[in-house]
Amino acid sequence: MPGLATSLRSFEIDQLQQLAQLWAIDAPEQDKESLLLTLALNLAEADQVVAHLDSLPESAQTALMLLKANGGKMLWSSFSHRFGEIRALGQAKRKKEKPWDFPKSESERLWYHGLIGRDFLRVGEELQEMAYIPDELLPLLPDELVPLQLSQDLPPFGDESKVSLQTLASSRVLDNACTLLAALRFKEPSKYLAKQTADMPNWTLLQALLNGTGLLDETVQPTDLARNFLELPRAEALSWLARQWLTSTQFNELSFLPGLNLEPARELDLAKIRQSVFELLKKQQVELWFSLQDFADLVRQNQPDFLRQQEDYFSWTILKEGQAPDLLTGFESWPQVEGAYLEFLLLRMLPLLGLADTGRTKQPPEGHLFRLKNSLQLMEGLESLTETEPENELFKLTSTGKISMTDRSQRLIRYQISRFSEWLSLTPELYQYQLTPTSLSLAGQQGLRPKHLIQLLRNHAENGLPPVLYEAIKGWESEGMTASIESHTVLRLSSPELLQTLRESAAARWLGESLSPTAVILKAGGEKIVQQTLAGLGHLTDLENIGVLDD
């Protein structure tokens, strides 16, 4: 650590003279260098230090104890977040303001009393702006001036009857992940995801999570790990997903902060950022309601620089979206940036991963609340997990090829069935599919064969595979599509001769396949032209849903 000669060198001579008066050091008229030497020698006397410390308020002593507890130094941004900044004052302003007697912050008090320094020090391979206790003073500080109050425990919210429940932690993310993994195997995933008609998840967020946890590759296709994930028992799968998220270096919460557009000026250690917050969360009691604002205050007190550090507060480009975008910068933007990150983490990610419930206060002042679940404490290992949501339910299968599955069906089986089927409707509790020639063809394009489907249906359908459906699948395999149901507009005429006349007219190109000597399919879009042609031939027509002839 730098010594007093270094920490005091930035002082101007009037500051050094004032410092000598504060410490009751006899310093006759001297030049700056002589005065620096006198102060460096006298300030390092144990009796002087103890006597001076006793004159400080408890808040200033707490600041010194915090520095000492951290080895005598801290990032300046962290220290100033808690104990305030030091104003830049010229000589005339100092004479007027007397910051040594009337400091605006504890940082300012300690600075003008010569007890702390502020400088760029090498930390690892980087230079970081640090607050520090000068080297001569550090061993002279008593082990404990005042009780060091760095509580990391949140006060519970209290009366649960005053909580309006918003979101309950659940394992629903596992079902939605299964749906998304299956949809991504098709050319138009959005068409399949649109079949979900209730409890719509944020598919973009979920896809980013699956990518960040190794379940999707760079082509946005499920990896081999995805199959293992789908096979895991439900409790293990949820815990695994939460642990992978906690350590992920790819998933970036900053991309999902509502109303903010962030461009960091350096590469971020996303896992370290997330884990630093999580360490404070793990110290809190489970199944109790806590205030989000209280937790944000706790983080700001203990780890304010978990996201931005030092110059990051001024070098990052952060725009608050709106009609007139606002550039957020400086320490004062902490609630809008770091606070938004904490809100997203606690109110979106933790409930999504089954780690917390969320709520709001029923009475003013309104505020967000969260309640941690036991699953958060069990993330370290699987030996304590108890399976409370077994996936052992067989699905229902009709002879027409309709399949109904619930959220208690095995996820891997649903993933495989959905790749063979047309998706009818998806809700959180019921998933319905239909086997069709087209869906079997699409499955074939993915490398899936009818024999795979037959095995799935035999092994996992509630009443096995109906014989008639088995014959239909085998028939499709050998002959392709044997039947289809289509909608067409049919023109019926009074005689074969009239149909022949139409085929020789300008409307002929709108005539399709003949169904009988007097009936023909009309091609889409040709109804009015055919109607006009018949009118020109002296025949009125009665066609539905094609409007009225133009004059």
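The values are calculated or read from the model by the stated rules, or taken from the named source; none is laboratory data. No experiment lies behind these values; they were computed from the predicted model shown. Don't worry about glycine lacking a Cβ; one is built from the backbone with ideal geometry, like all the others, and counts go over all protein chains shown.
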Fill in the blank from the handout: Of the conditions (1) under 24 Å from P365 (Cα atoms); (2) among the small types (G, A, S); (3) in contact with a strand residue (DSSP E or B) (Cβ under 8 Å, 6 or more places away or on another chain), the single one that A296 does not satisfy is (3)
Handout entry: Exclusive hit being surrounded by fewer than 17 Cβ atoms within 10 Å (Cβ to Cβ) and in the same structural domain as D26 (by TED's automatic domain parsing), set E136, E106, E85
Key = E85
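This table checks each residue for (1) of a type in the set (D, E, K, R); (2) at pLDDT below 90; (3) not in a loop (DSSP other than H, G, I, E, B).
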residue	(1), (2), (3)
R300	yes, yes, yes
G322	no, yes, no
G339	no, no, yes
L346	no, no, yes
P351	no, no, yes
G354	no, no, no
Handout entry: Test: T213 is buried (at least 21 other Cβ atoms within 10 Å of the Cβ), assigned by TED's automatic domain parsing to the domain that holds S276, at pLDDT 95 or above and of a type in the set (S, T, Y)
Key = yes
Practice task
May I ask you to list the residues in segment 321-338 that are touching a helix residue (DSSP H, G or I) at 6+ places or on another chain (Cβ under 6 Å) and within 14 Å of H81 (Cα to Cα)?
Solution key: G330, F331
Practice task
Sort through L448, L456 and tell me the only one that's in contact (Cβ under 8 Å) with a residue 40 or more places away in the chain, surrounded by 11 or more Cβ atoms within 10 Å (Cβ to Cβ) and out of contact with any strand residue (DSSP E or B) (no Cβ under 7 Å at 6 or more places or on another chain).
Solution key: L456
Fill in the blank from the handout: Those residues of segment 419-437 which are of a type in the set (V, I, T) and either under 18 Å from R408 (Cα atoms) or part of a helix (DSSP H, G or I) (or both) amount to T427
Handout entry: Test: residue in segment 187-210 that is of a type in the set (D, E), at pLDDT below 95 and crowded, with 17+ Cβ neighbours inside 10 Å
Key = no
Problem - Number of the exception - N463 against (1) closer than 20 Å to L181 by Cβ; (2) outside any helix (DSSP H, G or I) - result: (1)
Fill in the blank from the handout: Over segment 171-186, the set of residues hydroxyl-bearing (S, T, Y) and either crowded, with 20+ Cβ neighbours inside 10 Å or part of a helix (DSSP H, G or I) (or both) is T179
Exercise for the section: Please name all residue pairs, on different chains or six or more residues apart, with Cβ atoms under 7 Å, provided the first residue is in segment 128-143 and is within 11 Å of L64 (Cα to Cα) and the second residue is of a type in the set (F, W, Y) and outside any strand (DSSP E or B). Expected result: A131/W76; A131/F79
Handout entry: Residue in segment 201-222 that is part of a loop (DSSP other than H, G, I, E, B) and closer than 20 Å to P428 by Cβ present
Key = yes
Exercise for the section: Output the number of the condition that L540 fails; it satisfies all remaining conditions of (1) within 18 Å of S487 (Cβ to Cβ); (2) part of a loop (DSSP other than H, G, I, E, B). Expected result: (1)
Problem - Positions within segment 230-264 being surrounded by fewer than 16 Cβ atoms within 10 Å (Cβ to Cβ) and part of a helix (DSSP H, G or I), in sequence order - result: E231, E236, T247, S255
Practice task
Working carefully through the options A194, A208, A226, find the one that is small (G, A, S) and without any contact (Cβ under 8 Å) to a residue 12 or more places away in the chain.
Solution key: A194
